[in-house]
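Peer 1: Handing you a structure now.
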Amino acid sequence: MLDIQQLRKNLPAVIDGLARRNFWFNEPTFRALEDQRKQAQIKAEELQAQKNVLSKQFGMLLAKREDTTALKLQVGELDIQLQAYTELTENLKSELNKFLRNIPNIPRAEVPQGKSEADNMEVRRVGAPRVFDFTPKDHVDLGAGLAGIDFETASKLSGARFSVLKGGVARMHRALAQFMLDVHTTEHGYTEVYVPYMVSGESADGVSSLAKFKDDLFKIEGRDLYLIPTAEYPVTNFVRDTIVDMKSLPLKYVCHSPCFRSEAGSYGKDTRGMIRQHQFDKVEILQMMHPDHSADAHEQLTAHAGAILQKLELPYRTMLLCTGDMGFSSAKTYDLEVWLPAQNTYREISSCSNFEAFQARRMMARFKDEKGKTQNLHTINGSGLAVGRTLVAVLENYQNADGSVTVPKALVAYMGGVTKLDVVN
């Protein structure tokens, strides 16, 4: 959520910042609510001042043992008016809060302006795509040959956009998650956490706008609970309604969890295979920190996600998202895109975002700075990595002409020494 003081002090700058991400800010509505709030608050303050004067007079009459009946009536009338204007002020503040909770974050100055992913900026490439001396298969055909990916059974169980993994492929999926957790905890300094796979509406709205994006979530019928679309939802809420000890910053967490997404609006997209599913696993990395360090920490966290791809020797590129392709809460986002030979293109495997104080302000996540002043934390997170998409990338990049798949060196120990997944006849 944006800082309302920022809107009050420099509304044109806020409007211009939001326009960069192609968002129209409803200035008339904001000004009308703000003017009403200001008038109601001024009136309440005037009535309180009058009451204070009468209260002093009341005390003086009592001291002189004089009649206070008329004064009591005046104070009583003032109390009724004061209560009415106080309630009106609070109601208008609540309306302003609701209004602000549907406004996206302002992009950082270095974020390129654009309307879609076509306007994203490539920052770097790591590794060169493998040159095959045969026509590479996609992960669906490879999985079938390995008897490791079963979409037919998944469809029977749950419908479209689900998969069943078996044998060596299931083991590799598990090995990838364990490998990622080990790297992030032992080399990158994150604390591993295990979290509920459901969160309340309040928790969901603290991370993003529940009103705007509830159709993307799976809701538990009859309960104020939603299946998590990412571990970002529960883990970021660790600091909700909390004043964190500054000495403990930065807080760094890594969490492996399933993720559940309705994929609303994605009809017809990536219907083949495991790229876009209703359920998938992800290893999420998150940091909460002092505002002065969030820009550097964002670069660091993005590098941590990239380190997994480098250790797996998978070619990838880093994209700086333009203003029109950023998430609702983000001030700046990098996407890591891994090379998929069968598609002959790079596909997103991690999205790393700096939300600055946007999420923290929504969930009242704060700390006391060096001067004892309460400030909002800055929050950052990213996939480190999406496990299913990493599996897809390994299968396609490490495939052999006979349909077998070589196990990446970094995973051999996690696969119990297995160096190759063979075709099942």
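Peer 1: Mind checking whether some residue in the stretch 214-230 is part of a helix (DSSP H, G or I), closer than 18 Å to PHE358 by Cβ and under 14 Å from the mean Cα position of the chain (by Cα)?
Peer 2: no
Peer 1: Could you list, in sequence order, all residues of the stretch 165-190 that are assigned to a helix (DSSP H, G or I) and not hydrophobic (A, V, I, L, M, F, W, C)? Explain how you work it out, then say what you get.
Peer 2: Of the stretch 165-190, the ones assigned to a helix (DSSP H, G or I) are 167-186.
Answer for the stretch 165-190, where residues must be assigned to a helix (DSSP H, G or I) and not hydrophobic (A, V, I, L, M, F, W, C): GLY167, GLY168, ARG171, HIS173, ARG174, GLN178, ASP182, HIS184, THR185, THR186.
Peer 1: Which count do you get for residues in the stretch 341-373 that are over 17 Å from GLU122 (Cα atoms), in a strand (DSSP E or B) and aliphatic (A, V, I, L, M)?
Peer 2: Selection size over the stretch 341-373: 1.
Peer 1: Continuing with the same structure: Take the conditions on the phi < 0 side of the Ramachandran plot, out of contact with any Phe, Trp or Tyr (no Cβ under 7 Å at 6 or more places or on another chain), among the β-branched types (Val, Ile, Thr) and surrounded by fewer than 13 Cβ atoms within 10 Å (Cβ to Cβ) and apply them to VAL131. Does it pass?
Peer 2: In short, yes.
Peer 1: Could you tell me how many of the residues in the stretch 161-196 are surrounded by fewer than 16 Cβ atoms within 10 Å (Cβ to Cβ) and of a type in the set (Phe, Trp, Tyr)?
Peer 2: The total comes to 1.
Peer 1: I've got another one for you. Take the residues of the stretch 250-278 that are among the charged types (D, E, K, R) and assigned to a loop (DSSP other than H, G, I, E, B): which is modelled with the lowest pLDDT?
Peer 2: Applying the first criterion (among the charged types (D, E, K, R)) to the stretch 250-278 yields 252, 261, 263, 269-270, 272, 276.
Remaining after also requiring assigned to a loop (DSSP other than H, G, I, E, B): 261, 263, 269-270, 272, 276.
Numbers: ARG261: 92, GLU263: 78, LYS269: 70, ASP270: 67, ARG272: 80, ARG276: 88.
The qualifying residue modelled with the lowest pLDDT is ASP270.
Peer 1: Here is a follow-up. Considering every residue within the stretch 73-93, establish whether at least one is within 26 Å of MET363 (Cα to Cα), in contact with a Ser or Thr (Cβ under 7 Å, 6 or more places away or on another chain) and charged (D, E, K, R). Spell out the reasoning first.
Peer 2: Step one: list which residues in the stretch 73-93 are within 26 Å of MET363 (Cα to Cα), which gives 86-93.
After this cut, where a residue has to be in contact with a Ser or Thr (Cβ under 7 Å, 6 or more places away or on another chain) as well, the list is none.
No, every residue in the stretch 73-93 fails to be within 26 Å of MET363 (Cα to Cα), in contact with a Ser or Thr (Cβ under 7 Å, 6 or more places away or on another chain) and charged (D, E, K, R).
Peer 1: Within the stretch 383-409, which residues are assigned to a helix (DSSP H, G or I) and among the small types (Gly, Ala, Ser)? Steps first, please.
Peer 2: Let us first name the residues in the stretch 383-409 that are assigned to a helix (DSSP H, G or I), namely 387-397, 409.
GLY388, ALA393, listed by residue number.
Peer 1: Looking at the stretch 137-161, which of its residues are assigned to a helix (DSSP H, G or I), hydrophobic (A, V, I, L, M, F, W, C) and under 16 Å from ARG276 (Cβ atoms)? Can you show your working first?
Peer 2: Here is the first cut: in the stretch 137-161, the ones assigned to a helix (DSSP H, G or I) are 139-145, 151-158.
This time we only want the ones that are hydrophobic (A, V, I, L, M, F, W, C), so: 140, 142, 144, 151, 154, 157.
VAL140, PHE151, ALA154 - these are the residues of the stretch 137-161 that are assigned to a helix (DSSP H, G or I), hydrophobic (A, V, I, L, M, F, W, C) and under 16 Å from ARG276 (Cβ atoms).
Peer 1: Let me ask something additional. Report, by residue number, each residue of the stretch 80-109 that is exposed (fewer than 14 other Cβ atoms within 10 Å of the Cβ), within 20 Å of the chain's Cα centre (by Cα) and of a type in the set (D, E, K, R).
Peer 2: Of everything in the stretch 80-109, just one residue is exposed (fewer than 14 other Cβ atoms within 10 Å of the Cβ), within 20 Å of the chain's Cα centre (by Cα) and of a type in the set (D, E, K, R), namely LYS98.
Peer 1: Looking only at the stretch 298-322, filter to residues that are surrounded by fewer than 20 Cβ atoms within 10 Å (Cβ to Cβ) and of a type in the set (A, V, I, L, M, F, W, C); which one of those is farthest from HIS256 (Cα to Cα)?
Peer 2: Residues of the stretch 298-322 that are surrounded by fewer than 20 Cβ atoms within 10 Å (Cβ to Cβ), as a first pass: 299-300, 303, 307, 310-311, 313, 317, 320.
Narrowing further to those that are of a type in the set (A, V, I, L, M, F, W, C): 303, 307, 320.
Numbers: ALA303: 19, ALA307: 17, LEU320: 25 Å.
Step by step, filter the stretch 298-322, then rank; the result is LEU320.
Peer 1: Right, something else. Taking only the stretch 326-351 into account, find how many residues are touching an Asp or Glu at 6+ places or on another chain (Cβ under 8 Å) and under 20 Å from VAL239 (Cβ atoms).
Peer 2: Count: 1.
Peer 1: Out of the residues in the stretch 191-204 that are part of a helix (DSSP H, G or I) and in contact with a helix residue (DSSP H, G or I) (Cβ under 7 Å, 6 or more places away or on another chain), state the one that is farthest from SER248 (Cα to Cα).
Peer 2: Taking the candidates together, the pick is GLY201.
Peer 1: While we're looking at this one, here's another question. Mind checking which residues of the stretch 76-107 are over 27 Å from GLN50 (Cβ atoms) and not in a loop (DSSP other than H, G, I, E, B)?
Peer 2: Going through the stretch 76-107, the residues over 27 Å from GLN50 (Cβ atoms) turn out to be 97-107.
ASN97, LYS98, PHE99, LEU100 - these are the residues of the stretch 76-107 that are over 27 Å from GLN50 (Cβ atoms) and not in a loop (DSSP other than H, G, I, E, B).
The values are calculated or read from the model by the stated rules, or taken from the named source; none is laboratory data. Note that the structure is predicted; figures quoted are calculated from it, not measured. When we count neighbours, we look across all protein chains shown, and the Cβ atoms used for this are built from the backbone with ideal geometry, even at glycine.
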